[in-house]
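Following: one structure in structure tokens, then a few remarks.
The values are calculated or read from the model by the stated rules, or taken from the named source; none is laboratory data. Every value quoted in this text rests on a predicted model; they were computed, and no experiment measured them. Cβ placement follows ideal geometry from the backbone for every residue including glycine, while neighbour counts extend to all protein chains displayed. Side chains are part of the model used for accessible areas, which takes the heavy atoms of the whole protein and leaves out ligands, DNA and RNA. Shrake-Rupley method; radii C 1.70, N 1.55, O 1.52, S 1.80 Å.
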Amino acid sequence: MGDRHAARISVAEMKCYYIYSEWCSWLLSVADDEIMHQDITPLCAADIQDQLKKRFAYLSGGRGQDGSPVITFPDYPAFSDVPDKEFQNVMTYLTSIPSLQDAGIGFILVIDRRQDKWTSVKASILRIAASFPANLQLVLVLRPTGFFQRALSDLAFKFNRDDLKMKVPVIMLSSVPELHGYIDKSQLTEDLGGTLDYCHTRWLCHRTAIESFALMVKQTAQMLQSFGTELAETELPNDVQSTSSVLCAHTEKKDKAKEDMRLALDEGQSILENIREPLAKSGEQSLNQDELDNQTTVQRLLAQLNETEAAFDEFWAKHQQKLQQCLQLRHFEQDFREVKSSLDALAQKIATFTDVGNSLAHAEHLLKDLASFEEKSSASVKRAHTLSLEGEKLIDTKHYAVDSIRPKCHELQYLCDQFAAEVERRRGLLSKSLELHGLLEASMKWCDEGIYLLASQPVDKCQSQDGAEAALQEIEKFLETGAENKIQELNKIYQDYESILTKDLMEHVQKVFQKQEGMEEMFHRRQASLKKLAAKQMRPVQPVAPRPEALTKSPCPSPGSRRGSENSSEGSTLRRGPYRRAKSEASEGRQGRSSSTGHEEESLAVLRRHVMNELLDTERVYVEELLCVLEGYAAELDNPLMAHLMSPGLQNKKDILFGNMEEIYHFHNRIFLRELEEYTDCPELVGRCFLERMEEFQIYEKYCQNKPRSESLWRQCSDCPFFQECQRKLDHKLSLDSYLLKPVQRITKYQLLLKEMLKYSKSCEGAEDLQEALSSILGILKAVNDSMHLIAITGYDGNLSDLGKLLMQGSFSVWTDHKKGHSKVKDLARFKPMQRHLFLHEKAVLFCKKREENGEGYEKAPSYSYKQSLNMAAVGITENVKGDVRKFEIWYNAREEVYIVQAPTPEVKAAWVSEIRKVLTSQLQACREASQHRTLEQSQSLPLPTPPSTSPSKGTTRNIKKLEERKTDPLSLEGYMSPSSLPKPPEKGRGWSKTSHPLEAPEDNDGWSSAEELMNSSDAEEEGRVGPRKLVPGKYTVVVDDEKGSPEALAVRNGDMVEVVQEGDEGLWYVRNLTSSKESWVPASSLSALLGVSGSAQCLSSSESSAGSTLLSASSSCSESCGVPLSDLQG
């Protein structure tokens, strides 16, 4: 809102207004006076122009001897026919023309009736006497010139003097010369024998013009008076637009008023020239009194109009100045509000800059951000300074609102100073943070170099005195560099950097200091050891013979006893010497091995530290690069100042171009990077960090799925000036597409770093976590790769997500061998393969035809036309097909449809067969659990088991569960079966029934071997009977963890390979765990629940019978070694 006092009128303007108003009033009164002196019914010549044109009476401008105006009544035969109203109007008008002073003397009437009759003379006199509106001084009548009429008039006048009722003398004149005795000839017109130049038409024209001019002046005066009042009473608006509108409106009205005054002045000058025209034609001519009065009237009106115009100009100048100052004030106030809002926003923004950085690179990045922020905010600060200077200029020009402008200027200056001070304070804090992190980085680098030095010193060379001294000098020389690199006093650090020490940063300083102390302690221990080695004197061992005198001093023993003693002593010496040397050598060997082991562990720790540093450094760089892209490109897409650089195809396409990069950035910046930094001092445990956040890494799948659309949009708009300008501002050497590839590169980089870390951590506590994290990351890469193919499927009517997780995908040659169909078609299909791309889901397998597309980059990615799908609930497999180790069969509905699939390599085949087997096994297990559930409900003898998920993969939850299970001992239920009650194991050489089968099954064989037996009949389960499953000797893979507990000696887990050796008494089977090499007797009911598939060539189906009805084929052991880790098949 504007200032209220801004609407007040200033003293100077008020003074001008009063002067101007007085002139307007004066002009108005003059115009009124000049128009007419009559107070009752003022008339104008234009109103009675026709009546005046009759000329039955006129005002010639002549004067009597005392200045009395002369009105002449010429000879007018129709005088008696003039209506009374017209007569009265003409008399009233003629008597109003002379000045009030002349009219006050009285009028002289000259009545010319020389050509008339006495009766007309009498009637005229009587009519004039009755209707004349002004004072009369004298009435001069030129009586009829005829003898009879003259005589008659003399007699009649004498006798009728009283009838005339005239209050002034009426003189009857017989001739014109007698008239000249009363009025000078110069004051009489030519028809009365005078010399006065009078033209009635000209007189009427002058009178009309003068009166019109006076009326114009009057209207102009009224308009000026009204306009001045409007200007004086105008309350100025409080905003720029309204003030501008008022200024424009007032200026237009001013221009119109000036134009009206100019027209009036021009009109007055024209009338004045017309009045003076006779003088211009002849210098002898002179103006009569009425003409002089007309001239005076016009001159007075012109003078008054000029004075009024001057007063108006002065008043307008003041008013215009006030309007312009008001407009300046409104502009200043509007700019002030905008600038103040901008400065407040900057103050709020700088207030959010509370982070001092958690590393040297982070502090440098924050300093760059601060500098960038300061550069971006410089425009607002500069505008504030400029506005403050504008306010000072307004104050210097004596603006009427000084008391409002000056506080705003002071406030702007204060806000700018406060913002600059806050920026400097933040810069100082970040500089201190940079300095502190520099010290910490230098200290950590010094510690790493020290650890590397300790790890690189060869232990064998340090065993010698020279080697120990050289190593000691090397250590002492390195310790001398600590003065420049290490933290000297922790309290001094706290004191010097108190302003930036947050809780996390203080903990970091303490950790670095503790690491430094630990490293120095390691150096001191190494120094002490090396000093001992350097100071150690190596003395040779010399045998000492007994001195002769010692023998003589001793009592003389018997020879036998002496010999025995000598022999004993010698033997003792001989026995003791080699033993001591061996013991010393063994002790030295153990010390050497211990030193070597410690040296190796230190070297591995250094290498783990290097990998961890690389992981953290690249993670920080990655986060910084993402932030640069989001701020330098994505945010600029919403910047209206950059809109003119964007191509139309780029509008509203930010989500397509950048995908979910912002989500990825927030995950790494807020969560993952901070959690990684917690493992700085224990890099071997970093696998846990990956496992805990494995679910969040799924966001990369969404980013990669959007990458083709992003690439396509980039190719269309890469030449857009917008990208070039953003790249210039960021000072990037590479274009945006290189940075859009960073997330794809980063997710693949993790598996390389985890492999390196695992390589140096195999004997550490976190090795299993690292291995599982690596497997999970590879699984994510595979899922990302698979999803890229999955989104290219076309023609599938259903929802692909309903098919469960995509487990595998790949291209194969496929033959069909169906029971139904035309024989020729069957023969053709048997010999001519179809190229199909298979997608294996948890619930179905899809057959698609691969179609290559033309284009570049991602646009060249293939598409897949959907052909058919098989429900996994009705699918079976035969692992081996005669003639080719790369082939396997997928059959459907009890071999009603058979698909012979040829993989590119045996390894790919093994991987697919293994994965399909897992799916079928999970379905089999689900059926068994459901059957067991029903059985247990009927028997009510055992608690209900918890059914496992039918999905072969449980994602992060299962990984964490497996991680926890691995950290505990396997379950073993003691008392389940007493070891003493178990049968003895079979003797070697007998009872070892292992069925062997040929490597390649015949083509006509549907996957069944001679050893196939019905393991669990659906009829038995439907009747509710519980009994041991029928098993055959052979090798099997455990498909579920031992939840009930097997004998302690066996203790199996999911995935263990076991060999079923022999069936014993009481429903027991002798089983050997090939993974742990343990053996034990196991009840058949427990064993059949543990075993899902064998390790030999198998044929599995989960659809041929009701729930729980499963067929198992154990035909060969040829595929025991075909398993290929899925991590080797990425891509």
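Using each residue's phi in the stretch 233-240, evaluate 6.51 cos²θ - 1.76 cosθ + 1.60 at θ = phi - 60° and report the 3J(HN,Hα) Karplus result to the nearest Hz, with x for Gly and Pro.
My calculation for the stretch 233-240 gives 9, 5, 8, 5, x, 10, 9, 5 Hz in order.
Computing the accessible area with a 1.4 Å probe over protein heavy atoms, can you report the carbon and sulfur percentage for the stretch 633-695?
Accessible surface attributable to carbon and sulfur in the stretch 633-695 totals 48 percent.
Quick one: length gained pulling S712 to E233 fully straight, 0.36 nm per residue minus the C-alpha distance?
165.7 nm
Any idea what the alpha-carbon Rg over 2.2 N^0.38 Å comes to for the stretch 703-805?
Compactness ratio reported: 1.50.
When N counts the residues of the stretch 1049-1090, how does its alpha-carbon radius of gyration compare numerically with 2.2 N^0.38 Å, as a ratio?
1.05
Pop a pseudo-label 7 angstrom from the Cα along the beta-carbon direction at both A249 and T397 and give the gap in nm to one decimal.
2.4
Just grab the label-to-label distance for D617 and H644, each label 7 Å out from Cα along the Cβ direction, in nm (one decimal).
4.5
Considering amide H positions built from the backbone, and no H for Pro or chain starts, which residues 5 or more places from H841, or on another chain, come under 5 Å of its amide H?
Hits under the 5 Å cutoff: L807, L846.
Based on the alpha-carbon set only, what is the convex hull volume of the stretch 635-727 divided per residue, in Å³?
So the per-residue Cα hull volume is 123 Å³.
Please work out the FRET efficiency for the pair S270 and Q49, using the Cβ-Cβ distance as r and a Förster radius of 25 Å; give the result to the nearest 0.05.
Rounded to the nearest 0.05, the efficiency is 0.80.
In whole Å, largest first, what are the principal axis extents of the Cα atoms in the stretch 698-755?
42, 25, 14
Which percent of the accessible heavy-atom area of the stretch 450-520 goes to carbon and sulfur, probe 1.4 angstrom?
Ligands and nucleic acids excluded, carbon and sulfur reach 46 percent.
Could you give the size of the charge dipole of the stretch 45-118 about its Cα centre, using +1 on the Cβ of each K and R and -1 on the Cβ of each D and E, expressed in debye and rounded to the nearest 20?
Here the size comes out at about 160 debye.
Per residue of the stretch 345-358, in order, report the coupling 6.51 cos²θ - 1.76 cosθ + 1.60 (Karplus, θ = phi - 60°) as ³J(HN,Hα) in whole Hz, putting x for Gly and Pro.
Here the 3J(HN,Hα) series is 5, 5, 5, 5, 5, 5, 5, 7, 7, 9, 6, 9, x, 10 Hz.
Sticking with the crude label model, points 7 Å out along Cα→Cβ, report the distance from D496 to Q465 in nm, one decimal please.
Once both label points are built, they end up 4.4 nm from each other.
Considering all alpha-carbon pairs of the stretch 279-403, what whole percent are spaced by more than 20 angstrom?
Distances greater than 20 Å cover 70 percent of the Cα pairs.
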